[in-house]
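The values are calculated or read from the model by the stated rules, or taken from the named source; none is laboratory data. These numbers were taken from a predicted model, which means no experiment stands behind them. Positions of Cβ are generated from backbone atoms using ideal geometry, with glycine treated the same way; all protein chains shown enter the neighbour counts.
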Amino acid sequence: MPKIKVRDIEMYYEIRGEGHPLLLIMGFLGNADCWDPLYLIPNLVDRFKLILFENRGSGRTDFGNPGEDFTIRLMADDTAALLDALGIEHAYVLGYSMGGMIAQELAINYPEKVDKLILTSAYCGGKESALFPNQATEAIINIASALDEKGGWDHEIANMYMPNIFTDEYMVENQ
């Protein structure tokens, strides 16, 4: 389970394959494992050096400072710092869903790091769409808790997504 220090967090990442770097930025509710069922990895791993990672507060990556608003800019800054920490000067960048928003922010603020930009299911939004305030995290917790209380299929969905949204430490502390 490789992690690397990125700014104020320990970030989970994987590198697969060889070739020109291709950074894969997953969307909301996703972690690095979510790329495998999309069948992208087998089709790309022979041609590219794939860099998969988990955004701040997702899966196996640290949450960061409690009370800090998660913004797309914050996650783009983390992504740029990840490339620096891995010694990768520039890469092709593929962003999926919210990962597409992060990829756009990365391209705007760190154009020297982005060779090609690939966006899928992305939204370019305005100022309001870039903010992921603590209230949104609270709403997700409330929804997941309500699903969990119902049991059945909803319970399975909550159990499937909760580890992708929150760090292991958060899950243990808030069971």
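A few points about this structure:
- Residue pairs whose Cβ atoms lie under 7 Å apart, sitting 6 or more positions apart in sequence or on different chains, and linking a residue in segment 26-42 that is in contact (Cβ under 8 Å) with a residue 24 or more places away in the chain to a partner that is of a type in the set (F, W, Y), are M26/W35; M26/Y96; G27/Y96; L29/Y161; A32/Y12; A32/F53; I41/W35.
- Of all residues in segment 77-114 being surrounded by fewer than 16 Cβ atoms within 10 Å (Cβ to Cβ) and in contact (Cβ under 8 Å) with a residue 40 or more places away in the chain, the one that is nearest to R56 (Cα to Cα): A85
- Residues in segment 32-51 that are buried (at least 20 other Cβ atoms within 10 Å of the Cβ) and within 16 Å of T120 (Cα to Cα): W35 only.
- Just one of the numbered conditions (1) in contact with a Ser or Thr (Cβ under 6 Å, 6 or more places away or on another chain); (2) over 22 Å from D168 (Cβ atoms); (3) at pLDDT 85 or above is not true of L131: (3).
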